[in-house]
Structures are given as C-alpha cells and as structure tokens.
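Reviewing the structure listed below.
The values are calculated or read from the model by the stated rules, or taken from the named source; none is laboratory data. Fair warning: this is a prediction, and the values are worked out from it, not measured in the lab. Positions of Cβ are backbone-derived with ideal geometry, glycine not excepted, and every protein chain shown enters the neighbour counts.
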Amino acid sequence: MMEVILLERIEKLGQMGDVVTVKPGFARNYLLPQKKALRATTANRQSFENHRAQLEAVNLERKSEAEAVGLKLNNQIFVIVRQASDNDQLYGSVTVRNIAQTVTDAGFTIDSKQVQMGNPIKSLGLHSIRILLHPEISVSVTINVARSEEEAELQANEVNSTRDEQVSKATQSQSGAPIQEEDLAHDQEK
C-alpha cells in the first residue's frame, strides 16, 4: 500500500488535501501521472501546505466554470442515429466516444473520460447518461438512440406523454376525484 496526498476530490477516495492509502498500481498508473495526487513524503506534505491556497483557488475556478456548463447541459437530450434490427437491437453500439462527440458537436466541450457509462448502448430508445464535468459536479443527459430523426421525435413524444399520464394519475390519486377537462382548461387560462 502507498500513501498519497490528493490534489483534487476523487470520488470514493477523498477530498483535496486528504492523505489516503491506495494500492501502488493505482497510484503509479493513474493518480500520479494524471497529477491528481502526490506521494505522501515529508517534502511533498510541506510543499502541498505551501501551495494549498493556490490549488484551492484553481479548483474553485474550475468548479464554477463546470457549474455554469452544468446548468446548460443538465437534462439535455441528444439524438444519435444508428441502424438497428427489427427487434430494436443496434448493429454495433453507442460508446462513450460517440456520446462525447455528439455532445461536443452540440456545443459543449467534453472528453470521453467524462462520460460515465457502465456498458455501451446496444438498443434503441432513451438512455440516461451521467457526465462528470468536475470531480464535484456531474449532470445527467438523455441519449435518444433512433433509426432516424423522425423516429427520435416519436420516441421523445411517447416518453413525454407517458410522463404526463403518470403525473395526471398521481394528481388524481392525491385529490381522490378525477380531474375534469374543464378544470384543466380553467387552470391553463390562469
């Protein structure tokens, strides 16, 4: 095991400045080359304490930039057109690289390393994907995989109408009485 000082927040590991024990391979192959940590030597601890305010200021600036992008990017829907079989299975798959390229083409600069996805998408439909903009900020986007732009619109409309039905059923069950169409029209006029 190896002790390192974290230079930024690492999910499931710790906050900036924490001294954590990690496996040597994780430190050598990921944390140290990516400049996310320093070896926890006496000299490095002293150096970190001397530069802590500067590192925190840089981290705060990056975080505020990520928050601004996150507000625009959160809950966006991106369409990816792919060929698929009759049972909605894709010929191939949609990978993190495809998603990163689609989001970047839409005007948001992200890297494929920021796309958090367990497995590649192998079927048509709407898929919720997490994008990590900063170690402390992540947003959720929807990837609409369809055979054509028209089919993508239909899929999005089906989901919206299903969501609207669920909301109206929940509203009916809470009030105990069915909502009349006249009531809805009256509410919309207000």
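Brief remarks follow.
- Residues of segment 79-98 that turn out to be of a type in the set (Val, Ile, Thr) and more than 21 Å from the chain's Cα centre (by Cα), as a count: 0
- Within segment 33-59, residues that are on the phi < 0 side of the Ramachandran plot reach partners that are among the polar types (S, T, N, Q) and assigned to a helix (DSSP H, G or I) with beta carbons closer than 7 Å, at six or more positions or on different chains, in the pairs Leu38/Asn44.
- In segment 118-135, the residues that are within 29 Å of Leu13 (Cα to Cα), assigned to a strand (DSSP E or B) and not polar (S, T, N, Q): Ile121, His127, Ile129, Arg130, Ile131, Leu132, Leu133, His134
- Selection of segment 72-108 for residues being within 16 Å of Ile129 (Cα to Cα), without any contact (Cβ under 8 Å) to a residue 40 or more places away in the chain and of a type in the set (Ser, Thr, Tyr) yields Ser93, Thr95, Thr104.
- Taking the criterion of being within 25 Å of the chain's Cα centre (by Cα), small (Gly, Ala, Ser) and buried (at least 16 other Cβ atoms within 10 Å of the Cβ), the only residue of segment 28-57 that qualifies is Ala37.
- Yes/no for Val69 being in contact (Cβ under 8 Å) with a residue 24 or more places away in the chain, among the β-branched types (Val, Ile, Thr) and assigned by TED's automatic domain parsing to the domain that holds His134: no
- Being assigned to a strand (DSSP E or B), touching a Pro at 6+ places or on another chain (Cβ under 7 Å) and of a type in the set (Ser, Thr, Tyr) is a property that does not hold for Ser138.
- For segment 119-133, the candidate set comprises residues that are under 14 Å from the mean Cα position of the chain (by Cα) and under 25 Å from Asp86 (Cα atoms); within that set, the residue that is surrounded by the fewest Cβ atoms within 10 Å (Cβ to Cβ) is Ser128.
Listed here are the residues, each with its yes/no results for (1) closer than 29 Å to Leu6 by Cα; (2) modelled with pLDDT of 90 or more.
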position: Val96; (1), (2): yes, yes
position: Ile110; (1), (2): yes, no
position: Arg130; (1), (2): yes, yes
position: Glu158; (1), (2): no, no
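- Residues of segment 1-26 classified as in contact (Cβ under 8 Å) with a residue 12 or more places away in the chain, more than 20 Å from His51 (Cβ to Cβ) and outside any loop (DSSP other than H, G, I, E, B), total: 4
- Checking each residue in segment 27-50 for being in a helix (DSSP H, G or I) and not charged (D, E, K, R) picks out Ala27, Asn29, Tyr30, Leu31, Thr42, Ala43, Asn44, Gln46, Ser47, Phe48, Asn50.
- Residues in segment 96-113 that are under 30 Å from Gly14 (Cβ atoms) and in contact with a Ser or Thr (Cβ under 9 Å, 6 or more places away or on another chain): 8 in all.
- Boolean, Ala53 is touching a strand residue (DSSP E or B) at 6+ places or on another chain (Cβ under 7 Å), small (Gly, Ala, Ser) and farther than 30 Å from His127 by Cα: no
- Test: residue in segment 101-117 that is surrounded by fewer than 13 Cβ atoms within 10 Å (Cβ to Cβ) and part of a strand (DSSP E or B): no
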